[in-house]
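What follows draws every value from the coordinates through simple rules; no lab data is involved. Just so it is clear, the model here is predicted, and its values are computed rather than measured. Please note: Cβ atoms are built from the backbone with ideal geometry, for glycine as well, and neighbour counts cover all protein chains shown.
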Amino acid sequence: MNLYESFKIAISSIFANKLRSFLTMLGIIIGISSVITIVSIGQGGQKAITGEFEKIGVNIIEIKVDNNASLSKKDYFTLKDVNVIKSRIKEVQNAAPFFQQIGILKTEKAQKRALFMATNSDFNKIYKLDILYGRFLSEKDVLTKRPVLLIDNISAKKLFGYEDCVGKTVKIGNNEKMIRALIIGVYKNENGALAASFADNMPIFAYIPISVSEFIFDKTFNINQIEVLLENTKDSEAIANSIIRLLESIHHNKNKYKAENLVKQLDQVNRILSIFTAVIGAIAGISLIVGGIGVMNIMLVSVTERTKEIGIRKAIGARRRDILIQFLIESLIISLIGGIIGMMLGILAAYLIGSILNFAPKISISTILIAFLFSSAVGIFFGIYPANKASKLDPIEALRYE
């Protein structure tokens with residue numbers, strides 16, 4: 001008997017028992033679809049997170065005062081430090097001091113809590129805010145201590161009922177000191193609908209010149225962070241260490257500062273996601289093994305049911321090898337059909353979940369190929385025992401079987 005005849009007999013047997021064949025495939029379908037969905041969503045999530053990091057800029061280093069260290073006033077950063085970093089470290093493209101403080105923002109009609117983020121003009125070159133109206137802080141604003149601010153579009157709508165509030169005057173400060181300030185810009189709040197839904201409970205987000213913040217919040221003012229944009233990401237860790245050593249030489253201290261490197265953070269996030277995807281994928285892969293055991297059990301039942309058929313075929317000249325190949329092909333076809341259905345459902349589920357989570361899954365050819373080969377391997381591996389049992393049946397005993 002040739003392979004074509006074995007294939008025809010296997011197909012006719014599968015279609016003669018449609019429901020049983022489908023239930024046999026079910027474990028393979030669930031296993032393959034689960035693995036493809038999980039791996040595709042995991043890889044798509046990694047790609048989406050990498051994209052978000054790249055939007056921010058992975059060549060950004062945050063130099064911070066280590067709050068776990070024993071600190072005095074002289075350990076905090078100064079505006080002079082920022083200028084020294086830019087002039088002494090050639091790989092530094094931009095540097096911005098950063099200090100934030102909760103305070104008060106008053107309009108003619110309302111008083112609101114505000115988070116004041118104090119910095120200089122370089123901050124927007126580093127983080128590239130989406131300015132909807134007006135402009136960002138200028139170097140002149142910082143040097144002249146000009147009382148100006150930018151607020152986000154959701155805060156603008158909450159305060160004035162519309163977004164374009166450039167030119168409006170408000171009061172900013174705290175319980176001890178308030179000054180009049182001019183709104184010079186409105187930037188887009190990237191949290192969008194989420195921020196809008198919680199607008200009543202959120203503070204006003206406002207950027208002000210670092211020098212103005214020093215004047216208003218003189219008692220609590222300390223620059224504890226410097227944002228640094230590098231020309232490239234190569235040797236970013238070494239550059240961060242050079243900046244820390246420079247600051248230690250200026251402030252005559254040791255172990256007071258730390259650097260947070262977005263490249264390193266991205267690597268850590270990707271590593272965690274890879275491990276998570278691999279573990280969940282492996283757990284889903286267990287269902288493939290369960291599916292394989294299901295294939296083996298059903299094939300054993302099939303061998304028992306078709307004992308007399310096997311006896312007749314052996315009596316008219318079928319060899320042991322013919323019987324073995326026929327049952328292996330049947331097992332392989334069941335697993336392959338289950339694998340193909342599982343692949344299609346897995347891809348569909350990945351895109352469905354991706355649309356809900358608002359990112360595109362990454363459907364790789366290698367994942368599909370591995371899944372296809374794995375389903376074939378399951379069919380062959382778990383089909384060997386039933387096929388071997390069928391091929392060893394004694395034709396005389398088989399013909400007596402009722």
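At R0 = 35 Å, how high is the FRET efficiency between residue 52 and residue 174 if r is their beta carbon distance? Nearest 0.05 is fine. So the FRET efficiency works out to roughly 0.55. About the centre of its Cα atoms, segment 70-254 shows a dipole size close to 560 debye [charges on the beta carbon of Lys, Arg (+1) and Asp, Glu (-1) only; nearest 20 debye].
Relative to the Cα centre, the charge distribution of the chain, modelled as +1 at Lys and Arg Cβ and -1 at Asp and Glu Cβ, gives a dipole magnitude of about 200 debye. Close amide-amide hydrogen proximity is noted between residue 104 and 114, 173, 174, each under 5 Å apart and 5 or more residues distant or on a separate chain (H modeled in the peptide plane; Pro and chain starts excluded).
On the beta carbon distance between residue 260 and residue 315, with R0 = 60 Å, the FRET formula returns roughly 0.15. For segment 83-154, the list of GluC sites (Glu not before Pro) that fall in a loop by DSSP and count at most 12 other C-beta atoms within 10 angstrom reads 108. The residues neighbouring residue 173, those whose beta-carbon lies less than 10 Å from its own, together hold a net charge of +3 under the Lys/Arg +1, Asp/Glu -1 convention. As a proxy for reagent exposure, ranking 155, 249 by other Cβ atoms within 10 Å from fewest up yields 249, 155. Using a ≥ b ≥ c from the Cα gyration tensor of segment 32-166 (square roots of the eigenvalues), is it rounded, prolate or oblate, where a/c under 1.5 gives rounded and otherwise the larger of a/b and b/c decides, a/b for prolate? Oblate is the answer for segment 32-166, as a/c is 1.5 or above yet b/c matches or exceeds a/b. Classify segment 218-263 from the C-alpha gyration tensor, please: rounded if a/c falls under 1.5, else prolate or oblate depending on whether a/b exceeds b/c. Oblate, because a/c is 1.5 or more while a/b does not exceed b/c. If you line up the long axis of helix 18-56 against the longest principal axis of the chain, both from Cα atoms, how many degrees apart are they, to the nearest 10? On a 0 to 90 degree scale, this one is about 20. Whole-Hz Karplus values for segment 240-248 come out as 4, 5, 5, 5, 5, 4, 4, 5, 5 Hz, taken residue by residue from phi with 6.51 cos²θ - 1.76 cosθ + 1.60 and θ = phi - 60°; glycine and proline positions read x.
Specify the angular offset, from 0 to 90 degrees and rounded to the nearest 10, of the alpha carbon long axis of helix 79-88 from the longest principal axis of the alpha carbons in the chain. Tilt of helix 79-88: around 60 degrees. Of the residues 301, 186, the one with the fewest other Cβ atoms within 10 Å heads the list, and the complete ranking is 301, 186.
Per residue of the chain, the DSSP helices (runs of n ≥ 4 H) give a summed -39500 (n - 2.57) that works out to -19500 deg cm²/dmol at 222 nm. Checking (1) 32, 28, 20; (2) 46, 26, 20; (3) 71, 24, 15 against the coordinates, the calculated semi-axes √(5λ) of the Cα gyration tensor in Å falls under label (3).
Counted residue by residue at 0.36 nm each, then reduced by the alpha carbon distance between them, the extension gain from residue 15 to residue 290 reaches 96.7 nm.
Loop-located trypsin sites (Lys or Arg not before Pro) across segment 12-100 with a Cβ neighbour count of 12 or fewer within 10 Å are 90, with loop assigned by DSSP. For segment 70-254, the calculated P(r), taken from all Cα-Cα distances in 10 Å bins from zero up to the bin holding the longest distance, is 9, 35, 32, 18, 5, 0 percent. Remark: segment 120-135, residue by residue, has Karplus-estimated 3J(HN,Hα) of 10, 5, 5, 4, 6, 6, 7, 9, 6, 5, 8, 7, 7, 9, x, 8 Hz, where x stands for each Gly or Pro and the curve is 6.51 cos²θ - 1.76 cosθ + 1.60 at θ = phi - 60°.
Karplus-derived 3J(HN,Hα) values for segment 296-304, using 6.51 cos²θ - 1.76 cosθ + 1.60 with θ = phi - 60°, are 4, 4, 5, 5, 5, 4, 4, 4, 4 Hz; glycine and proline are entered as x. Gain on full extension, evaluated as 0.36 nm per residue between residue 279 and residue 135 minus their Cα-Cα distance, stands at 47.0 nm. Could you give the angle, 0 to 90 degrees to the nearest 10, between helix 3-16's Cα long axis and the longest principal axis of the Cα atoms of the chain? For 3-16 against the chain, the angle is about 80 degrees.
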